[in-house]
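Enquirer: Before anything else, here's the structure in question.
The values are calculated or read from the model by the stated rules, or taken from the named source; none is laboratory data. Please read these numbers as outputs of a predicted model, since none were measured by experiment. Cβ atoms come from the backbone with ideal geometry, glycine included; neighbour counts cover every protein chain shown.
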Amino acid sequence: MSKRRMASLVSALLAMFLVLSACGTTDTSKTSGSGKPKNKNQTKESASPGKKSSSGDILNELGMEPIVKKPYTLTIGLPQDTNVENYDTNHYTQLLEKKSGIDIKFEMLPAKDAGQKLAVMISGSSALPDIISIGLSDLEVYSYGSQGNFIPLNDYYENSSFYFKRAVQEHGLDTILKDITSADGNIYTVPLYNPEYGNEWDHRAWINKTWLKALDLDMPKTTEDYYQVLKAFKEKDPNGNHKADEIPYMGHINGWNSQPQDFFMNAFVYYNTAYNYILADNGKIDIAANKDEWKKGLQYLNKLYKEELISPLTFTQDKSQFQQAIENPGAQIVGSITTGSMSIYQTDSKRKEDMTFLPPLTGPNGVCWATKRYQGPVNRSYITKDAKDPEVAFRLLDLMCDTESSITSRFGEMDKDWKFATDADKGTGLYENMGIPATIKVINNHWGQPQNSEWADAQAAIRPYQYGIGGMTWDGNEYDSQYMTAQAVPSYIDKAPKEVVLKVPFTTDENDRVSEILSSLTTYINESTQRFIVGDMPFSEWDNYVGELDNIGLEEYLKVVQKAYDRYRKK
């Protein structure tokens, strides 16, 4: 069985599983039990049938701490992160318990298969924790919510929110509720909002500035400039060791935007990997992958490949093999790479010191885009149908959106792992060049390491740019990976089209119509892209390639995306 057909089968089975997990329930986004259309602002009582709220006897007024008047216990289902040493004694847990008065009990889910475990629990009618906190797709949230497994939170946001509302008002997050509203008009999640400019504009390329200087070459501005630079790298011994060992460009598989098309296609057509290569113009949906500009971009990359300016290892080697090449101990041998982060190099790498960012290139027709990635709120925490008192659960999730709680959930204990920047730190922010002041000074950077200070961002939080990496102070190391990213971003930002499709929530019916099409479509596009670049698929077969996109179901897919996009834009 081909990879494309296998991917199609897996996608179809997953979609079927989500639909069947309701155990025979119907789509409640269409009708309620009475047959009448469901109110998008469903009441708390209707959200939890047969469950009378006792929150009046339990809860203090909004904004008061602790949240509850008397001892109360809540259960939270979380994926087990191996870097979190002990959830019960964790500092973030203790902070929440102190501020809320709630005793938090954990039901741990497997780290890699938390979503699958949740699906099994729901399909098997197992009792659910009061709160589930894992990342889920928009479709999964809609499916579980419309089936009654997650309760709608519309009224709670309106009447029971204090910290979330305050964060929205303070930071101007006017569209955040729109972005987490499901296709049926209900909101089933309290989100994690953690935007970072380095992630938003992450399709970056890097070039060897030492080699440019050695050969007296300017920073390339166009695709033709870049071609000439790569030729010089290959032919003129820029590393000075009198060996023909230079590799003009190299990438690797399965990395963070580590393939050449991730960067260079943007000089020909907007390369929207954030949403399946979709284009939009005044609300009209289309796809880039069958356009003549796409073909021209592939022809350019094929030219680089044929002239041995792109290493053939780019399409076969893994991260560790790539790192061996870029860290080559004898001499610097790599002239240019694509990667989302220079952390691909060792922390104290001397080879990294040769590299600098390559600004977006302009193609032969004047095109110069940079890929923009979705940085809005993502689904994170949900109140389940088995919650003893949904309002108490919501108030705890609301507390997670407090500024101190949100920062602690990423950086750890205040005054031990981090502290607020002072006047003495003015001018040292990583993104001061973009108007974000130094806000947070990290004392103990334990991210990705064993710690007992936070939950590894497995929970709801509202952490705008200045309270995340964007607001971190800089220690003066010019080759710190975060600093190198911060220096690169201004050359990329706002170089996307005016209208970019980043998010289109499907209903279950819509997903059923296109899930297999989409899986086959993206697999075929990705496989064909590589085959065109390396010459395995000659450009004489371009028309056959375009025809195959139509055979897979491109027209049907675009129709469904158009309908969903129209609905999303009207919210």
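Enquirer: Residues being buried (at least 21 other Cβ atoms within 10 Å of the Cβ), of a type outside the set (S, T, N, Q) and under 23 Å from the mean Cα position of the chain (by Cα): count how many of those fall in the range 125-137.
Expert: To start, the set of residues in the range 125-137 that are buried (at least 21 other Cβ atoms within 10 Å of the Cβ) comprises 128-133, 136.
Filter once more, keeping what is of a type outside the set (S, T, N, Q): 128-132, 136.
When the remaining residues are screened for being under 23 Å from the mean Cα position of the chain (by Cα), the result is 131-132, 136.
Qualifying residue count for the region: 3.
Enquirer: Still on this structure, please answer the following. Only one of D202, D174 is modelled with pLDDT of 95 or more and acidic (D, E); which?
Expert: The match here is D202.
Enquirer: Restrict the check to the range 492-503 and report whether at least one residue is of a type outside the set (D, E), surrounded by fewer than 19 Cβ atoms within 10 Å (Cβ to Cβ) and closer than 30 Å to K441 by Cα.
Expert: Checked the range 492-503: at least one residue is of a type outside the set (D, E), surrounded by fewer than 19 Cβ atoms within 10 Å (Cβ to Cβ) and closer than 30 Å to K441 by Cα.
Enquirer: With the structure loaded, tell me whether N266 is in contact with a His (Cβ under 8 Å, 6 or more places away or on another chain), surrounded by 24 or more Cβ atoms within 10 Å (Cβ to Cβ) and in contact (Cβ under 8 Å) with a residue 40 or more places away in the chain or whether it fails that test. Walk me through how you get there before you give the answer.
Expert: On the way: in contact with a His (Cβ under 8 Å, 6 or more places away or on another chain): yes; surrounded by 24 or more Cβ atoms within 10 Å (Cβ to Cβ): yes; in contact (Cβ under 8 Å) with a residue 40 or more places away in the chain: yes.
In short, yes.
Enquirer: Name the single residue that is farthest from N194 (Cα to Cα) among those in the range 455-492 being assigned to a helix (DSSP H, G or I) and polar (S, T, N, Q).
Expert: S491
Enquirer: With the condition kept exactly as written, say whether any residue in the range 80-99 is in a loop (DSSP other than H, G, I, E, B), in contact with a strand residue (DSSP E or B) (Cβ under 9 Å, 6 or more places away or on another chain), among the polar types (S, T, N, Q) and touching a residue at least 60 places away in the same chain (Cβ under 8 Å). Spell out how you get there, then give the answer.
Expert: Keep residues of the range 80-99 that are in a loop (DSSP other than H, G, I, E, B), which gives 80-83, 85-90.
If we keep only those that are in contact with a strand residue (DSSP E or B) (Cβ under 9 Å, 6 or more places away or on another chain) as well, we get 80, 83, 85, 87-88, 90.
Next cut, among the polar types (S, T, N, Q) only: 80, 83, 90.
Within this subset, residues satisfying the condition of being touching a residue at least 60 places away in the same chain (Cβ under 8 Å) are 83, 90.
There is at least one residue in the range 80-99 that is in a loop (DSSP other than H, G, I, E, B), in contact with a strand residue (DSSP E or B) (Cβ under 9 Å, 6 or more places away or on another chain), among the polar types (S, T, N, Q) and touching a residue at least 60 places away in the same chain (Cβ under 8 Å).
Enquirer: Something else about it: Part of a strand (DSSP E or B) and either farther than 30 Å from Q324 by Cα or among the hydrophobic types (A, V, I, L, M, F, W, C) (or both), is that true of A280?
Expert: Yes.
Enquirer: Give the residue that is modelled with the lowest pLDDT, with candidates limited to residues of the range 407-436 that are in contact with a Pro (Cβ under 8 Å, 6 or more places away or on another chain) and assigned to a loop (DSSP other than H, G, I, E, B).
Expert: Taking the candidates together, the pick is K426.
Enquirer: Still on this structure, please answer the following. Is it true that Q323 is assigned by TED's automatic domain parsing to the domain that holds K563, without any contact (Cβ under 8 Å) to a residue 60 or more places away in the chain and part of a helix (DSSP H, G or I)?
Expert: Taking the combined requirement at face value, the residue satisfies it.
Enquirer: Can you find a residue that is buried (at least 16 other Cβ atoms within 10 Å of the Cβ) and β-branched (V, I, T) anywhere in the range 215-222?
Expert: No: the range 215-222 contains no residue that is buried (at least 16 other Cβ atoms within 10 Å of the Cβ) and β-branched (V, I, T).
Enquirer: Please find, among S381, S349, the residue that is in contact (Cβ under 8 Å) with a residue 24 or more places away in the chain and in a loop (DSSP other than H, G, I, E, B).
Expert: So the residue among S381, S349 that is in contact (Cβ under 8 Å) with a residue 24 or more places away in the chain and in a loop (DSSP other than H, G, I, E, B) is S349.
Enquirer: Looking at the range 527-551 only, could you name the residues that are surrounded by fewer than 18 Cβ atoms within 10 Å (Cβ to Cβ) and free of Cβ contacts under 8 Å to residues at least 60 places away in the same chain?
Expert: Passing the criteria: R531, D536, P538, S540, E541, D543, N544, G547, E548, D550, N551.
Enquirer: Another question, then. Just need a number here: residues in the range 117-137 that are touching a strand residue (DSSP E or B) at 6+ places or on another chain (Cβ under 7 Å) and either under 19 Å from N194 (Cα atoms) or not in a helix (DSSP H, G or I) (or both).
Expert: Qualifying residue count, the range 117-137: 9.
Enquirer: Exactly one of these conditions fails for A393: (1) closer than 30 Å to L118 by Cα; (2) in a strand (DSSP E or B). Give me its number.
Expert: With (1) closer than 30 Å to L118 by Cα; (2) in a strand (DSSP E or B) applied to A393, the lone miss is (2).
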